[in-house]
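Read through the structure below, which is laid out as structure tokens, and then see the notes.
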2 protein chains.
Amino acid sequence: MGEALEGLKRNIMCGELRESHIGTKFTVMGWVQRKRNLGGLLFIDLRDRTGILQVVFGEAINNEAFIKADNVKPEFCIAVTGELVHRESVNPNMPTGMVELKGESIKILSESETPPIYIKEDLDAAENIRLKYRYLDLRRPDMQNIFMIRHKTAKAIRDFLDDNGFLEVETPMLTKSTPEGARDYLVPSRNYPGMFYALPQSPQLFKQLLMVSGFDRYFQIVKCFRDEDLRANRQPEFTQVDIELSFVEQDDVIELNEKLVSHVFKSVLNKEIKTPFKRMTYKDAMDKYGSDKPDLRFGMEIKNISSDVLNCGFKVFTDAINNGGSVRAITVKSGASMGRKDIDRLGEFVKTYKAKGLAWIACKEEEIKSPIAKFLTEAEMNNIIKSSEAEVGDLILIVADKNSVVLQSLGALRLEIAKKQEILKGNDEFNFVWITEFPLLEYDEEEGRYFAAHHPFTAPMDEDISYLESEPGRVRAKAYDMVLNGEELGGGSIRIHDTALQEKMFSVLGFSNESAWERFGFLLEAFKFGPPPHGGLAFGFDRMIMFLAGTDNIKDVIAFPKNQNAFCYLTDAPNIVDEKQLNELGISINVKNKK
Amino acid sequence: MGEALEGLKRNIMCGELRESHIGTKFTVMGWVQRKRNLGGLLFIDLRDRTGILQVVFGEAINNEAFIKADNVKPEFCIAVTGELVHRESVNPNMPTGMVELKGESIKILSESETPPIYIKEDLDAAENIRLKYRYLDLRRPDMQNIFMIRHKTAKAIRDFLDDNGFLEVETPMLTKSTPEGARDYLVPSRNYPGMFYALPQSPQLFKQLLMVSGFDRYFQIVKCFRDEDLRANRQPEFTQVDIELSFVEQDDVIELNEKLVSHVFKSVLNKEIKTPFKRMTYKDAMDKYGSDKPDLRFGMEIKNISSDVLNCGFKVFTDAINNGGSVRAITVKSGASMGRKDIDRLGEFVKTYKAKGLAWIACKEEEIKSPIAKFLTEAEMNNIIKSSEAEVGDLILIVADKNSVVLQSLGALRLEIAKKQEILKGNDEFNFVWITEFPLLEYDEEEGRYFAAHHPFTAPMDEDISYLESEPGRVRAKAYDMVLNGEELGGGSIRIHDTALQEKMFSVLGFSNESAWERFGFLLEAFKFGPPPHGGLAFGFDRMIMFLAGTDNIKDVIAFPKNQNAFCYLTDAPNIVDEKQLNELGISINVKNKK
């Protein structure tokens, strides 16, 4: 059993001690990083949240403490009191490297078994072990740093929004299932057996109601839930920075959120982010980058070369064009020397995006080399090279198909090549862009109906409203995504605030009037009482932290994450519950326990 | 359909306009509070979050706007542009009462049906209507003010804790059911059909793990859940300010939280709260006030008069004492004139607390009047009066029984009399006290075992540890509650941080070693790796807001509350879900839908 503090008070943190503190007596508390004997002395590296401090014990300093300190092992929790002195062998690589604390007395607050994972930076241990012993994994300085960043970021967001007149209002966690969107987590009700609450996928409806209530400017940093099969970088519960404003249009929301993000990056990373951000329409983003979240840190834009090959002898190209598709290309700088095998591999890569093949033109110094050269006139070849903006030494990669396949495969290929060529290695740029003018609706071939691309409350662009019933696919939305380095950081829209338009929207989505009212009746009802024009945005807070902390694993930024099956190795959740609990809820299990 | 903003920007809020703004043109936006015609002019009271502004329309100001404005009705949402001028008939009762805006142009942003509740302060409407139309209820200025206070309070707490080195860390919402405490809300798992997550009743275990992780100082403003039958002022989901610190003892936690609360009251109400707060042991609080959350804004303390009546002729008194109980009294100042019926009513009142009766002594000017006078000698009577500190004109009320009944009934009676006599009317004091030295364990007669009075991780007081197995009921805890005006504002404890002591505690609670490990194994495991001494506290955030906002209804401080059956009138949650959803979860409903 460990010793009690009995009034002993820590008066400084390990990582804070500097030469200016020399000559003063301090009490520090923390964990033993390592212990070593050297020349009759005992050195302990003591670690707390702020860093590591060397503590030295010796017969001449205090013999009792020296003997006691000899018993400690790594990860023992101890308190040490003594004078701060100059360090004999200074270590310029650590902030406290000029000083050490004389171990005049020591308390062993608790002992430790040998930990199953090392407490060090850049740990390379199996993920399930790290998650099972998460409390030890979180002792690692790089993990602690991430959660300091997470705290600072939330603080910076709240400070900024508070300064700008926003109120944080909490919305319910136990709410109504709204089956449009992802799968809900359900919570059985005891008072109404057979009925269920749902955990919110977002506070969308509530934040709109708060606008109807006249709260004017709302935000919340809030947990949201989606019971989906987890892809990489998805967690069943995640955190959203949810924002909504009244009496605004798209530009107001955009301007505010640029300032917010710029404030956050400045506060947390001391990084200047220039505003306003670039803006790009959805159409341009798709045309140039084959993606609605383009990574603009490098070029390699997609070029439409359809007009260059309109009448060429290569049937694959002309068929694609004649069937309403296109022929497009990207140019890999200095790629002409790429080997045949590597090019073949890129061909396999685009097939995963449903492209039937990848044509290529290598603009070598001595010659133009291409398997399709024989189908092209010299003029056609020159036009392609010109349109592709290829120079000597470059490689042109071409896909011909229907537009969606061409753009998606070339967009993905562009990223794949950037990765392979390490184009972004050492690049510490934060390249922001707003994508605007998204399609309001997306047609689902299988279900034979339109779905809301964003959500059913997104307002159509004024100039497109007239097409809502005649040509729904043509209607653009007052929707906008903030994209950073090829990832969506946040997205939002101006909302419909008119019952008639909202009802028309539901009808386009194939809801009967009855079913729309059943699901969203309280919002439609609210819109009868003077709703203000309003709009907003939600940021993926976890993803924002990933950027700020420089990690690409979402589990690193969540204190107690779950695995791909939404299982928690630490607590063994989910788990079985008492039959009595289920009886109270009026539910029973009708499958064999699969675990 | 309403008009669009089309670039029109609001440049000031209604409630902000003052005489200093006169002569400038402004655009304001908000809701029509009322409209009236007077002398050929049209006056509209326009309301936004900040207050009300008078807008005047007239033929001479702008005829087009005048005609349009005549169409608006209460709760229409409008935008008005015009010059700010002096108001003809000033209204000194409103902050904007010296000015009015000339209605030079108006946009009707949306129309409103007649709202089912009035948008005014101190609304007296049925609660279910208020909850169904919550978005209208929340338009009322007094409700908006509460949520501004709630926002400000959260901000003040976060600012203070950030300044004091605390990190806000989010803990999981989908976690493990721990069946000690209240009933959990369960969430069925789709990946592991037949298994369940639980929504957290508090982040207790996780915050202790964060201390093991070396985060040192943690806090979180977080939603917690309890599926209990709702008494007044309980909600199924509520918000907690959760705090935990390492390397501290009880006094450190107490001191920090006094500073926190004092900072909050200063920031939100500009009210000075003196620190340190009073402290009182649990035993003293029970002895003097019959409650572990005594209201110290008034006296009327309970006096033990057992020794005065030890040998008296009143068998009820002597029997109580001889059976190990006691005879105690409270003195009602100027209560001697209370009528017989009123005293009888108080007698009925204490019976609800299991007291068998209420004896009384009225110290009238002319005589001592009491039904028990005949059983008492003059000396005994005089001693009782002296012990009760009664003066001429006072009324002494006496209960004799076993101690728990005597204290509970007199404690409740004390509050009841204060309420009846309106002792606290107009009292705006915030009277804080820490209650300390709580019993660690409480014996449950029915189950025949001890339960943790606080929770099973609370540390016993050092001087009582030796009684843990021999006399568990005697062991006091390192636990403390912050009590304000007779309500528990927060509570916490120093935790056990030693596996051996924690296991002993579980054994006293009647857990087998196996079942303790099954439930809390991950915490016991964590304690093997150098846990620091730690402790903390949690505040009921909703209750804190009730104090700051001066309301005694918890529904007033929660934006979208549920009713006593945990039902939401606004969204109709809980509700039925698709059979498909239940199949995916592997559960079925085995009761008839009762709704």
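The values are calculated or read from the model by the stated rules, or taken from the named source; none is laboratory data. Everything numeric here is computed off the predicted structure, so don't read it as measured data. When we count neighbours, we look across all protein chains shown, and the Cβ atoms used for this are built from the backbone with ideal geometry, even at glycine. Areas reflect the complete protein model, heavy atoms only, side chains present, ligands, DNA and RNA absent. Shrake-Rupley method; radii C 1.70, N 1.55, O 1.52, S 1.80 Å.
Things to note:
- Nearest-10 value in Å² for the accessible area of A:H497, using the 1.4 Å probe: 40
- Ordering of A:106-112, A:366-372 by packing is A:106-112, A:366-372, highest average first (other Cβ atoms within 10 Å, averaged per residue).
- Total formal charge among the other residues, if their Cβ is under 15 angstrom from that of B:S470, Lys/Arg +1 and Asp/Glu -1: -1
- Segment B:67-198, accessible area per residue, ligands and nucleic acids excluded (1.4 Å, Å²): 38
- Anisotropy class of segment A:237-310 from Cα gyration tensor, a/c 1.5 cut: prolate
- Tensor-based shape of segment B:14-110 (alpha-carbon gyration tensor, a/c under 1.5 rounded, otherwise prolate or oblate): rounded
- Rounded to the nearest 20 debye, the dipole magnitude of segment A:14-110 is 240 debye, with +1 charges on Lys and Arg beta carbons, -1 on Asp and Glu beta carbons, and the Cα centre as origin.
- Theoretical FRET efficiency, 1/(1+(r/R0)^6), r = Cβ-Cβ of B:V392 and B:K274, R0 45 Å, to 0.05: 0.80
- Taking the C-alpha atoms only, the angle from helix B:403-420 to the longest principal axis of chain B is near 30 degrees.
- The protein assembly as shown - percent of accessible surface contributed by carbon and sulfur, probe 1.4 Å: 46
- Computed lengthening from A:E365 to A:N583, 0.36 nm per intervening residue step minus Cα-Cα distance: 70.6 nm
- Annotation note: GluC sites (Glu not before Pro) in segment A:1-80 located in DSSP loop regions with a Cβ neighbour count of at most 16 within 10 Å are A:E3, A:E6, A:E59.
- Dipole of chain A computed with +1 at Lys/Arg Cβ and -1 at Asp/Glu Cβ about the Cα centre; of A:N383, A:F567, A:G393, farthest Cα towards the positive end is A:F567.
- Centroid-to-centroid, using Cα positions, segment A:1-80 and segment A:130-159 are 25 Å apart.
- Cα pair distances exceeding 27 angstrom across segment B:298-420, given as percent: 7
- Lys/Arg +1, Asp/Glu -1 at C-beta; segment B:14-110 dipole; positive extreme among B:S105, B:N71, B:H21: B:N71
- Solvent-accessible area of A:I149, all protein chains in place: 20 Å² (probe radius 1.4 Å, heavy atoms, ligands and nucleic acids excluded).
- Ranking A:L269, A:L136 by solvent-accessible area of protein heavy atoms (1.4 Å probe, all protein chains present), from largest to smallest, gives A:L269, A:L136.
- A:K266 paired with A:I465, simple spin-label distance in nm, labels 7 Å along Cα-to-beta-carbon: 3.8
- In this rough spin-label picture, where each label sits 7 Å from Cα along the Cβ direction, the B:K528-B:T24 distance is 6.8 nm.
- Accessible surface computed residue by residue for segment B:298-420, with neighbouring protein chains in place and a 1.4 Å probe, gives 50 Å² per residue.
- Cβ-derived FRET efficiency at R0 45 Å, A:T377 paired with B:A4, nearest 0.05: 0.25
- Efficiency of FRET from Cβ geometry, A:S334 and A:E422, R₀ 22 Å, rounded to 0.05: 0.95
- Segment A:298-420, dipole about Cα centre (Lys/Arg Cβ +1, Asp/Glu Cβ -1), debye to the nearest 20: 500
- With contacts taken as Cα pairs under 8 Å at a separation of at least 6 residues, segment A:57-155 carries a relative contact order of 25 percent.
- Assuming charge only on the beta carbon of Lys and Arg (+1) and of Asp and Glu (-1), the dipole of chain A about its Cα centre is about 1280 debye to the nearest 20.
- The residues of segment B:173-196 listed by number as losing at least 50 Å² of accessible area in the complex, against the isolated chain and with a 1.4 Å probe, are B:M173, B:L174, B:K176, B:R183, B:Y185, B:L186, B:R190, B:N191, B:Y192, B:P193, B:M195, B:F196.
- Accessible surface buried at the A:B interface totals approximately 11900 Å², computed with a 1.4 Å probe on protein heavy atoms.
- Three-way shape call for segment B:141-276 based on the alpha-carbon gyration tensor, with the a/c threshold at 1.5: oblate
- Helix-only [θ]222 nm of chain A, DSSP H runs n ≥ 4, -39500 (n - 2.57) each, per residue, nearest 500: -8500 deg cm²/dmol
- Other-copy label distances relative to A:I465, 7 angstrom Cα-Cβ extension, nm: 7.4
- Taking the centroid of alpha carbons for each part, segment B:170-197 and segment A:468-532 are 34 Å apart.
- Cα long-axis angle, helix B:250-269 against chain B (0 to 90 degrees, to the nearest 10): 30
- Accessible surface for A:R34 stands near 120 Å², nearest 10, in the context of the full protein assembly shown (1.4 Å probe).
- Net charge in the neighbourhood of B:R10 (other residues with Cβ under 13 Å of its Cβ; Lys, Arg +1, Asp, Glu -1) is 0.
- Neighbour net charge for A:I52 - beta-carbon separation under 13 angstrom, K R +1, D E -1: +3
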